[in-house]
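No lab work stands behind these numbers, since they all come straight from the coordinates. All figures in this text were calculated on a predicted structure; none of them were measured in a lab. Cβ placement follows ideal geometry from the backbone for every residue including glycine, while neighbour counts extend to all protein chains displayed.
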Ligand code: UD1
Ligand code: UDP
């Protein structure tokens, strides 16, 4: 009897990190896979899914312009609930810490459907940062049945909260599955906006979108970039703008006139990978980009005050710089001016996020769950 698993995705990073799991499960005849897109993101989600040749079986299309957390949460909760009632899945898989993740988990929990949480156990231990993602992942973990922790550190976090060790599986992060295959297969190309730029011109790649950075922190980031550009006349900055108008309007207002700032729309995943490889330094508040930069051995200045990915800092290429203008400028100029500091940072990276086989492990643990469960599963868990 084939088991039905619903894989829920809502935003770009969920698609990129869930894709290798969906592909792995689809290769296995024992599973009947339904991809449920909430459409929390519209074009950015479709763009990411289509690169992996995945088409959502159901799309709730919930996104609206400048949406609120209430809007996303309520529509994901009721929308996924209706699909679960119709499909009666044996398991729901969610990824990460978005509001889609939380809403889908809650509606599965209401129906006592086991939830497998991919990228479980990440913690900043501060509910304000990242907001609301820290709360999303804490609640999701509390309601999940299987925890697919990307690192030993994530497993320790779960244990610290009293999770049953038998249900925690350290798998590596699926982002490395997607990234390593994209790199191996030489997928993607540099965007045409970079065609006029000689290979030796230093490029700084910038991405920013976090809710807690809206307002003054985002202005600080823009002012820091202006100062860096003024200090080092040979560098260029590339900003693939997130679709969120609250973010792109501020960035364009502050940097739109600068002749050495290049803007693009959100890049196709493999093209973004090419851009990361082409960059000298990355400045980002993204979660996934920190992990990818470690694998690609690119310095990434993390524009956040706290990180739930300490591995990126301790054994990767990450430096936590916050959103203070002076700190961003100082650290960037340090790396631009000192080859020694740059090489030291890049040299210490041992890619703490996995070996590209996380999705194979997740499949194996799901198999074990259905076939030879060695632990009891009584509600409430
Ligand atoms: C969401 C996640 C965040 C994740 C990020 C990945 C939550 C609360 N936030 O943040 O954890 O890191 O996605 O990028 O779950 N928009 C479009 N087209 C798109 C996508 C977004 O126009 O394809 C615009 C819309 O106006 C939308 C707004 O961006 O209302 C914000 O989208 P939302 O999903 O609420 O927040 P993100 O900042 O993208
Ligand atoms: N990414 C992409 N195109 C872009 C920018 C980012 O494909 O123009 C990818 C990036 O490689 C990473 C993911 O999107 O895998 C990160 O998404 P985002 O920063 O939006 O979310 P977060 O990881 O912070 O949740």
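Observations
- Scan of region 20-43 for residues that are under 19 Å from the mean Cα position of the chain (by Cα) and within 19 Å of residue 182 (Cα to Cα), ordered by number: 20, 21, 22, 23
- Odd one out for residue 373, checked against (1) part of a loop (DSSP other than H, G, I, E, B); (2) more than 28 Å from residue 274 (Cα to Cα); (3) touching a residue at least 12 places away in the same chain (Cβ under 8 Å): (3)
- Residue that is nearest to residue 107 (Cα to Cα), among those in region 25-45 that are part of a loop (DSSP other than H, G, I, E, B) and within 16 Å of ligand 2 (Cβ to nearest atom): 38
- Checked against the criterion of being more than 16 Å from ligand 2 (Cβ to nearest atom), farther than 29 Å from residue 129 by Cα and either without any contact (Cβ under 8 Å) to a residue 12 or more places away in the chain or crowded, with 23+ Cβ neighbours inside 10 Å (or both), region 6-24 contains one or more residues that satisfy it.
- Qualifying residue in region 9-21 (condition: out of contact with any strand residue (DSSP E or B) (no Cβ under 9 Å at 6 or more places or on another chain) and farther than 12 Å from residue 100 by Cβ): yes
- Residues of region 53-71 that turn out to be without any contact (Cβ under 8 Å) to a residue 40 or more places away in the chain, within 16 Å of ligand 2 (Cβ to nearest atom) and more than 12 Å from residue 42 (Cβ to Cβ), as a count: 2
- Within region 25-40, restricting attention to residues that are crowded, with 18+ Cβ neighbours inside 10 Å and under 18 Å from residue 174 (Cβ atoms), the residue that is farthest from ligand 1 (Cβ to nearest atom) is 31.
- For region 255-275, taking the residues that are part of a helix (DSSP H, G or I) and out of contact with any helix residue (DSSP H, G or I) (no Cβ under 7 Å at 6 or more places or on another chain), the one that is farthest from ligand 1 (Cβ to nearest atom) is identified as 274.
- Subset of region 44-64 [more than 13 Å from ligand 1 (Cβ to nearest atom), within 25 Å of residue 366 (Cα to Cα) and within 21 Å of the chain's Cα centre (by Cα)]: 52, 53, 54, 55, 56
- Residue in region 233-254 that is in a helix (DSSP H, G or I), in contact with a strand residue (DSSP E or B) (Cβ under 6 Å, 6 or more places away or on another chain) and more than 16 Å from ligand 1 (Cβ to nearest atom) present: no
- On inspection, residue 248 passes the criterion of being out of contact with any helix residue (DSSP H, G or I) (no Cβ under 8 Å at 6 or more places or on another chain), over 22 Å from residue 154 (Cα atoms) and buried (at least 16 other Cβ atoms within 10 Å of the Cβ).
- Looking only at residues of region 89-120 that are under 14 Å from the mean Cα position of the chain (by Cα) and not in a strand (DSSP E or B), we find that the one that is surrounded by the most Cβ atoms within 10 Å (Cβ to Cβ) is 100.
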